[in-house]
Each structure stands twice: as C-alpha cells, then as structure tokens.
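The values are calculated or read from the model by the stated rules, or taken from the named source; none is laboratory data. Quantities reported herein were computed from a predicted structural model and do not represent experimental measurements. Backbone-built Cβ (ideal geometry, glycine too); neighbour counts: all protein chains shown. Ligands, DNA and RNA are stripped out before the accessible areas are found, and what is left, the full protein with its side chains, is counted by its heavy atoms. Shrake-Rupley method; radii C 1.70, N 1.55, O 1.52, S 1.80 Å.
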Amino acid sequence: MTTTNDNIEKAIQQATQPQKQGHSTRAVHGGVKRHKAYSALTTPIVQSATFTFKNTADLCDFMDAKLYGGETDREEYGRYGNPSIWAVEERLAALDGAEDAVVYSSGMAAVTSLLLTVLRAGQHIIMTDDCYRRTRQFCKVFLAKFGIETSVVPMGDYAAIENAIQQGRTRFIISESPTNPYLRVADMGRIAEIGKKHGVLTVIDATFATPINLRPLEYGIDFVLHSATKYIGGHNDVLAGVICGEAGRIKALKDARGVFGNLIDPQAAFLLERGIKTLGVRVQQQNETALAVARFLEAHPKIERVYYPGLPSHPDYEVARKQMSGFGGVVSFEVAGDLEATSLFIDRCRIPYIAPSLGGVESLIEQPALVSYYELSTEERLAVGIKNNLVRFAVGIENAEDIIQDLENALAGIPDPKLEREWERHFRR
Ligand SMILES: *Cc1c(COP(=O)(O)O)cnc(C)c1O
C-alpha cells in the first residue's frame, strides 16, 4: 500500500515541474496536495471555523514558526485560511505559472482587496476603458473618497497610458483582456514594459481569457486577477475570485485578507477545485464553438457587426493571435434592428438562458442595454458606447451545431431590415 507520505512526495514532484506539463494536467494535478485525510483522492471540505492545538507547546511551536517565517502546515483560525482553500490556491498558481495565488469570496472581493491593500491616500490609478463596470465604480466612487484619483484611458492607446503616469503618485495600471463587452485585447508585453519603466504595478483582469488562453505573468505583468465565478469555476454554481503573482506580494494579500475577512467558504473552495479540473477541456471547446458562432454571425445578413478577437475584422486580432492560444467563449454582436427586434431575437433563442455572467457550461445571452445599463436612456447608453442592439453571447459546452442552429432559428423570426426598407420604398410615403 502506498502511504500518504508517498503520495505527498509524488504530488510535490509533480508540482515542482509544472512548466513541463500541459494545462489540463495542471488543472487536474497542479499544486501540492498537503491534506492527509484518509488517503482521499479529492481534497476534503474542511468545514471548520477554527483549528485546535494538542497542547501549549504545540501552540507555541506554531506561533514561533509564524513569527520567524518557518514552515507550518496548518492554520490557527478559519479567517486566515483553510486546507480546502490552500488546495485551490496552489492549483490556480500552477495554472497561471505564478509563485502563489490568493482566493477570495468573489471577483470583486479580489479587485477591491488588492487595491485597498496596496494603495495609500492620495495615490493614482490608470485604467483602460471598456473595463468591468464595478471595478471602475469602485475606483471612481469608493477610492475617490480616500483621495485616490483614477484616470481612464482608451484601450489600445499605449502612449495615453504612459502620458497619464504621474511620477511618484501613480501606483497601478489596471487593464482587462479580453474586455467586456467588446473583447478588446491588451498587449501584455507593452503594458508590462510601461509599468516596469515607471515603477508602476500592472494588473490584468484575465477573467475572459482564463489561464488556458492567456498567461499575463509570462509577459512580466505583476498581478493577474480572475473572477473565478466565470470559467474557472465553470458551472454557474459558485462565486469566487483569485489573484496570482509573486510569493511575497501574495503573502501580503493573504495577511490583509485575514483582516478584511473576505475569504472563500470551504464548500465553495471545493466546488471551485472540482470545476477547475475540467477547465482545459471546457475552454478548448468554448474557444472552438465561439469561433464558429462568430464566423456564422459575421456572414448573417441580419447581423450588423460582430466583435470577436478571433476574427480578422476585430481591431485586436493581431495582438490576440500573438499572445492567446484561443480567443475565448464570448461573442458580442449587433443585430440589424432596434432595441425591440434585438429583444425579440433573444427571446426566440431556445438554448441560452437569459442571464448575466459567462464562462459556465450553460450558454448565456444578454442585451447589455437592458442588463448593465437598464436605467440609462438610448443617448446615455451611446455615450458610454453601448448600443441598444448589442448582444453578448457567452457560449457554454453545448454542441456547436445546436447552438448555431438555435441562433439561426431565432434570427429567422425577426424582421429583416432590408425587406423593411424595400416595403418602405414601395408601399409607404
Ligand atoms: C464578473 C467579473 C468580475 C467580478 O467578479 P464577481 O465574481 O462577479 O465578483 C470582474 N471582472 C470581470 C472581467 C468579470 O467578468
């Protein structure tokens, strides 16, 4: 019989050679399996709010190790960590090629914790536009209360990023790749270079890319962040967030998390680890399906415009091709029609659910004008770059043929704008 220690040895050997392994191998085996419970293959859900000590000497050994930076393989209290959480953190670090990772209760918990931990009053952030609405809101509304100023610069304009730097004051450049909803792709190397040149930390929210399609740390980016609620969890059943980076910085974030208290629950960590195992196969299929959907839509007469970084018509096609191994599972497009025709099309789809979010096994569809920008008028939406006929389609893992057939059927039922114009010309005044 193999002893538990042998298994740990084997896991350590595997985990120390992660660069040689493929994504799916890392998604299933990455990280050191430090748990020792019952020779279980899966990581147990350690549903415990606190952790006990055998006696006072045991307690003092632990405290000494913590104080003097020695090795400990345990926690003292659930707000500081938990074996179910360590497992998923190590797995995610292995996937992103990072020294370490810290997991939070949501993607926004990750964003807000990173910024609150590092920033001081009076500092400055640069952010590219077309970024996650709540991230922008946190910076513009909440950080502004501490005198932290945020400059928003156009995505893809690297001179604008550099020009926005205020020496001695700018602390972060924050970008996303691909962005929501226009799937803009930032050039990782150029952003990292600007950051290094000016001593500014760089952060990429790579939620839409996943570590399968893009690994920003390999280009010299300081922090990569994901809403693990999306592809990483992958089943629309758990909220989580993660930040990967250099060990010392991640340790500081973990210490701060112990103060903020926004760590993930052990049950949710278990679901996340379970989801991660299929990340490679899910994302590969979603990449393929989304590309097929994008090509289908681009050729369809009732579609005005398609945004997908895997299409040569996309402004960031070349950058995406250079640095991504797949273009992701989200396709945005504009229906040839108004708000109502677009809603009619969405209502006629049978496979995707109408819901915010993306990255799960179920296809989801939404009309950003009515989800994220409901309270705005058509003009106000246009001012923030959201058209009424815009649709965001996040493919799931259903068969591509079925998804395309469904879209085709749904499009067949909405008015054809070309025919409408013909009728207008011939029969109306
Ligand atoms: C969803 C999302 C977030 C926020 O994540 P939550 O897990 O919902 O808190 C941040 N960034 C991007 C790009 C997202 O899609």
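Brief remarks follow.
- Per-region count, the range 356-365, residues surrounded by 15 or more Cβ atoms within 10 Å (Cβ to Cβ), in a loop (DSSP other than H, G, I, E, B) and within 15 Å of the ligand (Cβ to nearest atom): 4
- Search result, residues across the range 332-355 that are part of a helix (DSSP H, G or I) and among the aromatic types (F, W, Y): F345
- Of all the residues in the range 223-250, those that are within 13 Å of the ligand (Cβ to nearest atom), charged (D, E, K, R) and farther than 13 Å from D205 by Cα number 1.
- Pairs where the first residue, in the range 382-411, is closer than 13 Å to P352 by Cβ and the second is open to solvent by less than 30 Å² (accessible area, probe 1.4 Å) and among the charged types (D, E, K, R), C-beta under 8 Å, 6+ apart: V391/E334; V391/E366; R392/E366; I397/R282
- Residues satisfying the stated conditions in the range 104-123, i.e. within 11 Å of the ligand (Cβ to nearest atom) and not in a loop (DSSP other than H, G, I, E, B): Y104, G107, M108, A109, A110, V111, T112
- Pairs linking a residue in the range 213-237 that is touching a residue at least 24 places away in the same chain (Cβ under 8 Å) to a residue that is away from the ligand (no atom under 13 Å from the Cβ) and aromatic (F, W, Y), with Cβ atoms under 8 Å and 6 or more positions apart or on different chains, are N213/F327.
- Of the helices (runs of 4 or more DSSP H) lying entirely inside the range 366-429, the ones with 1 or more residues being open to solvent by 80 Å² or more (accessible area, probe 1.4 Å), farther than 20 Å from H300 by Cα and at pLDDT 85 or above are found at 378-383.
- Filter pass, G156 being without any contact (Cβ under 8 Å) to a residue 40 or more places away in the chain and on the phi > 0 side of the Ramachandran plot: no
Listed here are the residues, each with its yes/no results for (1) among the acidic types (D, E); (2) over 18 Å from G396 (Cα atoms).
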position	(1), (2)
N213	no, no
D222	yes, yes
A247	no, yes
N262	no, yes
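For every residue, the table says whether it meets (1) in the same structural domain as Q123 (by TED's automatic domain parsing); (2) open to solvent by 10 Å² or more (accessible area, probe 1.4 Å); (3) within 22 Å of S113 (Cβ to Cβ).
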residue	(1), (2), (3)
G168	yes, yes, no
R171	yes, yes, yes
G195	yes, no, yes
T202	yes, no, yes
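- Some residue of the range 197-219 being touching a His at 6+ places or on another chain (Cβ under 6 Å) and more than 11 Å from the ligand (Cβ to nearest atom): yes
- Qualifying residue in the range 56-69 (condition: modelled with pLDDT under 95 and not in a helix (DSSP H, G or I)): yes
- Lone qualifier among P154, P178 - being more than 26 Å from A247 (Cβ to Cβ) and within 20 Å of the chain's Cα centre (by Cα): P178
- Among the conditions (1) of a type in the set (F, W, Y); (2) within 16 Å of the ligand (Cβ to nearest atom); (3) closer than 23 Å to L115 by Cα, the only one that Y307 does not satisfy is (3).
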